[in-house]
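Q: One structure coming up, written as structure tokens, with questions to follow.
The values are calculated or read from the model by the stated rules, or taken from the named source; none is laboratory data. In this text, all values refer to a predicted model and were calculated from it rather than measured experimentally. Cβ: placed from backbone, ideal geometry, glycine included. Neighbour counts: every protein chain shown. Note: areas computed on protein heavy atoms with side chains; ligands, DNA, RNA excluded. Shrake-Rupley method; radii C 1.70, N 1.55, O 1.52, S 1.80 Å.
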Amino acid sequence: MKKVKAVIEKAQDGFYSIYIDDNSLEYGVTGVGETIDEAKNDFAVSYAEMKQLHEKNGWPFTAIEYSYSSSL
């Protein structure tokens, strides 16, 4: 399992976004929400769906352990 940072940012429109700070993975995952908790939940759901999609299609999938990082 690879350890990566999930970066939390706040956009000018007030929404929060989370993305993986690692370009070496064969996939990307993001999360968006009106609150940090909503964005974290969306990120977790997106990760689970990406894992299912890769397993269903027989594509490579590097499992990650993510920790949140923010400058907020």
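Q: Please compute the per residue accessible area over the chain with all protein chains in place, 1.4 Å probe, rounded to a whole number of Å². Numbers along the way, then the final one.
A: Details: 4870 Å² over 72 residues.
Heavy-atom SASA per residue in the chain reads 68 Å².
Q: Per DSSP helix of 4 or more residues, -39500 (n - 2.57); summed, then divided by the residues of the chain. What does that give at 222 nm, rounded to the nearest 500? Mind dumping the intermediate values first?
A: Numbers: 1 runs with 22 residues, N = 72.
Helix-only estimate at 222 nm: -10500 deg cm²/dmol.
Q: Turning to a different aspect of this structure: Can you tell me the length gained on complete extension of the stretch SER71 to GLN52, counting 0.36 nm per residue apart and subtracting the Cα distance?
A: On the way: separation 19, 0.36 × 19 = 6.84 nm, distance 3.12 nm.
This chain segment gains 3.7 nm when fully extended.
Q: If you place +1 on the Cβ of every Lys and Arg and -1 on the Cβ of every Asp and Glu, how big does the dipole about the Cα centre of the chain come out, in debye to the nearest 20? Walk me through the numbers on the way to the answer.
A: Working: 7 positive and 12 negative charges, 55 e Å.
That gives a dipole near 260 debye.
Q: Continuing with this model, one more query. What range in the chain is the longest one free of GluC sites (Glu not before Pro) that are in a loop by DSSP and have at most 14 other Cβ atoms within 10 angstrom?
A: Numbers: sites that count: GLU26, GLU34.
Answer - 35-72.
Q: Contour minus end-to-end for ALA44 and THR62, with contour as 0.36 nm per residue of separation and end-to-end as the Cα-Cα distance?
A: Details: separation 18, 0.36 × 18 = 6.48 nm, distance 1.53 nm.
Answer, rounded to one decimal: 4.9 nm.
Q: Within the chain, what whole-number % of the accessible surface is contributed by carbon and sulfur, with the 1.4 Å probe and all protein chains included in the calculation?
A: Details: 2280 of 4870 Å².
The computed percentage sits at 47.
Q: What is the distance, in nm, between label points placed 7 Å from the Cα along the Cα-to-Cβ direction at THR30 and at SER17?
A: If labels sit at THR30 and SER17, their model points lie 0.4 nm apart.
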